[in-house]
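Peer 1: A single structure is presented below for examination.
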Protein chains: 2
Amino acid sequence: MMMPLQVLLVAGTHGNEINGIFLFDQWKKSSLSINTYGIKTYKVIGNPEAQKAGKRYIHQDLNRSFQEESVLSINSSILEVSRASQLVNLYGEAGENPCQIALDFHTTTASMGSCLVVYGRRHADLALASLIQNQLGLPIYLHESDQKQTGFLVESWPCGIVVEIGPIAQGLLNSRVISQTKLILEASMEKIHQIKNLNLFFPDKLIIHRHIKSIDFPRDEEGNIDGYVHPLRQSKDWQKLKKNDELFSKLNGEIIRFKEDEPYIPVFINEAAYVEKNIAMSFTKRELWDLKKEWKQSLIDLVNQR
Amino acid sequence: MMMPLQVLLVAGTHGNEINGIFLFDQWKKSSLSINTYGIKTYKVIGNPEAQKAGKRYIHQDLNRSFQEESVLSINSSILEVSRASQLVNLYGEAGENPCQIALDFHTTTASMGSCLVVYGRRHADLALASLIQNQLGLPIYLHESDQKQTGFLVESWPCGIVVEIGPIAQGLLNSRVISQTKLILEASMEKIHQIKNLNLFFPDKLIIHRHIKSIDFPRDEEGNIDGYVHPLRQSKDWQKLKKNDELFSKLNGEIIRFKEDEPYIPVFINEAAYVEKNIAMSFTKRELWDLKKEWKQSLIDLVNQR
């Protein structure tokens, strides 16, 4: 059966990241218009229960709950497992309102600016991210090879990208963050529209920040955090680390330094929600990749050959 | 009975304001030394249950739970009412470890810098605040005449001051905020030490930001927030508002302006925790007050005539 292209737009996958939720609410109330270039979209709040509670999640992180086994578990007693299943049933590729592409709008307390996150090296994701990067200049964080962190929402759609915007405290509306969310949403829809109409220009290259590993805060013998991000590192996301650069400070004056020979580029420095995941920051390598022909084709096929 | 002066130091009255908690933890572990000028202090975490949960509070705001009736209710089913009662029983003026002065360390998502908050016009509070202001230059926010907001912790001690430091997201350690907390703690203890030794210089004047009223976010007919702090107002705490200055924006382009003739000075602009209290910001008037003789005497008596 030939299906029209449909795009799933998600805000509030984390209930206390409220700027996207606000934008979607105003959009639904027709208080503003957002150009989706004639493409059918579904706008959903990822975790409405957590939103009501003013929390990131109720039982567990929804954006780690899209595991292959869990998407079958609509009756799970874990609210987020049940919600993940429900979202896939409603909007998954084989769901009631099948969507081929998912865009998931997040915020962060880290000074990430606006960026795109892709999970693994799926061809269509990389192609779409390259188009958005080419238009808006946003960095792309390629999250891969991290067995501790899996089950991201967008992985349950054939093509899906996370948008992260920061810094912004949880639970706080901010004019800049709302505007940036709207800008990226519209630019993404414009690109998808151009793919649909085969009227697009792919860049030759894309810049990738490839995930290498995450590091924890300094901890004492009892496992309690006893150091904090060094003032020279705070808010320095995307800025290259050299050997002996400062990473953490302790109140006794001790400084913990970056000791590796290879330069890394830190991201998600001091994201409040990652403290519970034992992540103080993540290290990436910045790489210039050629855009492969098969990536473009994968995206074009997904959008057009329905 | 003659009692030695004892000072209660509180962090984590709100469980997700963690920088003071971190400082106290490191202090207790002797990882750093804080000069209390030989004065006996008790360092307590205000709401340890909320801290464990990573939340502001469990049942209700602890810093609105020190009501006269509730401090008798140690067995209340409301955790914070019971905790308020416990703290007064343990450290109140007539408690097991009687303290005469309480310093309560908070953080805010608003761009308040460091400031002092006093509740009502208690003589000893104003005298102590004037000494700290004279040393560190911090603004003093006088919270009064606000019947919706009562039951603050420090009001249950004969003299008590709140320290607010921002901007910082909830749940996030920050080097600058930790350092500022330590600085203000030590400066306050130095001043108390000087009062005790009658070796102090009071300024003639103090600058007060007197609370006038708080205003809510714009809301639609259903009561949902439909506007946000205008970009020209965000982070502009302590900066004077003139008639027709921008206050809020809506996504339909509407701008809500300040319409009063008298200039006000806004504080706590976009504090995340105040959204539930229907407070987008508070208005104050900046006033230069003479420091009254009886204020000084009240503080000197409290510290010395035990």
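The values are calculated or read from the model by the stated rules, or taken from the named source; none is laboratory data. Fair warning: this is a prediction, and the values are worked out from it, not measured in the lab. Note that we place each Cβ from the backbone using ideal geometry, even for glycine, and neighbour counts take in every protein chain shown.
Peer 1: List the number of the failed condition for A:E17; all other conditions in (1) away from every other protein chain (no Cβ under 14 Å); (2) not in a helix (DSSP H, G or I) hold.
Peer 2: Evaluating A:E17 over (1) away from every other protein chain (no Cβ under 14 Å); (2) not in a helix (DSSP H, G or I) leaves (1) as the failure.
Peer 1: Which residue out of A:N244, A:N278 is over 30 Å from A:K191 (Cβ atoms) and surrounded by 14 or more Cβ atoms within 10 Å (Cβ to Cβ)?
Peer 2: Step by step, each of A:N244, A:N278 is checked, and only A:N278 is over 30 Å from A:K191 (Cβ atoms) and surrounded by 14 or more Cβ atoms within 10 Å (Cβ to Cβ).
Peer 1: Would it be correct to say that B:A53 is touching a Gly at 6+ places or on another chain (Cβ under 8 Å), buried (at least 21 other Cβ atoms within 10 Å of the Cβ), of a type in the set (A, V, I, L, M, F, W, C) and within 14 Å of chain A (Cβ to nearest Cβ)?
Peer 2: Criteria not met by B:A53.
Peer 1: Sticking with this one: Go through (1) within 14 Å of another protein chain (Cβ to nearest Cβ); (2) loosely packed, with under 15 Cβ neighbours inside 10 Å and name the single condition A:D290 misses.
Peer 2: (1)
Peer 1: Only one of (1) touching a residue at least 24 places away in the same chain (Cβ under 8 Å); (2) in contact with a strand residue (DSSP E or B) (Cβ under 9 Å, 6 or more places away or on another chain); (3) surrounded by fewer than 20 Cβ atoms within 10 Å (Cβ to Cβ) is not met by B:K28, so which one is it?
Peer 2: Here B:K28 meets the rest and fails (1).
Peer 1: Now for a separate question. For A:N16, only one of the following conditions fails: (1) closer than 30 Å to A:Q194 by Cβ; (2) at pLDDT 95 or above. What is its number?
Peer 2: Going through (1) closer than 30 Å to A:Q194 by Cβ; (2) at pLDDT 95 or above one by one, A:N16 breaks only (1).
Peer 1: Name the residue that is nearest to B:K28 (Cα to Cα), counting only residues in the stretch A:238-281 that are facing another protein chain (nearest Cβ under 10 Å) and assigned to a strand (DSSP E or B).
Peer 2: Among them, the one singled out is A:S249.
Peer 1: Another question about this same structure. Which one of B:S235, B:S214 is in a strand (DSSP E or B), under 23 Å from the mean Cα position of the chain (by Cα) and closer than 25 Å to B:E144 by Cα?
Peer 2: Testing whether each residue is in a strand (DSSP E or B), under 23 Å from the mean Cα position of the chain (by Cα) and closer than 25 Å to B:E144 by Cα leaves just B:S214.
Peer 1: Moving on to the next point. Would you confirm, using the coordinates I've provided, whether B:I140 is farther than 25 Å from B:L90 by Cα and touching a Phe, Trp or Tyr at 6+ places or on another chain (Cβ under 9 Å)?
Peer 2: no
Peer 1: Need pairs with beta-carbon distance below 9 Å; first residue within 13 Å of A:V275 (Cβ to Cβ) and in the same structural domain as A:I279 (by TED's automatic domain parsing) and within the stretch A:215-240, second part of a strand (DSSP E or B) and of a type in the set (K, R); sequence gap 6+ or separate chains.
Peer 2: Pairs that qualify, where the first residue is within 13 Å of A:V275 (Cβ to Cβ) and in the same structural domain as A:I279 (by TED's automatic domain parsing) and the partner is part of a strand (DSSP E or B) and of a type in the set (K, R), are A:I225/A:R219; A:G227/A:R219.
Peer 1: Scan (1) under 30 Å from B:N174 (Cβ atoms); (2) surrounded by 17 or more Cβ atoms within 10 Å (Cβ to Cβ) for the single condition A:E190 breaks and write down its number.
Peer 2: Result: A:E190 passes all but (1).
Peer 1: Does A:G113 satisfy the condition of being within 14 Å of chain B (Cβ to nearest Cβ), of a type outside the set (S, T, N, Q) and touching a Gly at 6+ places or on another chain (Cβ under 8 Å)?
Peer 2: no
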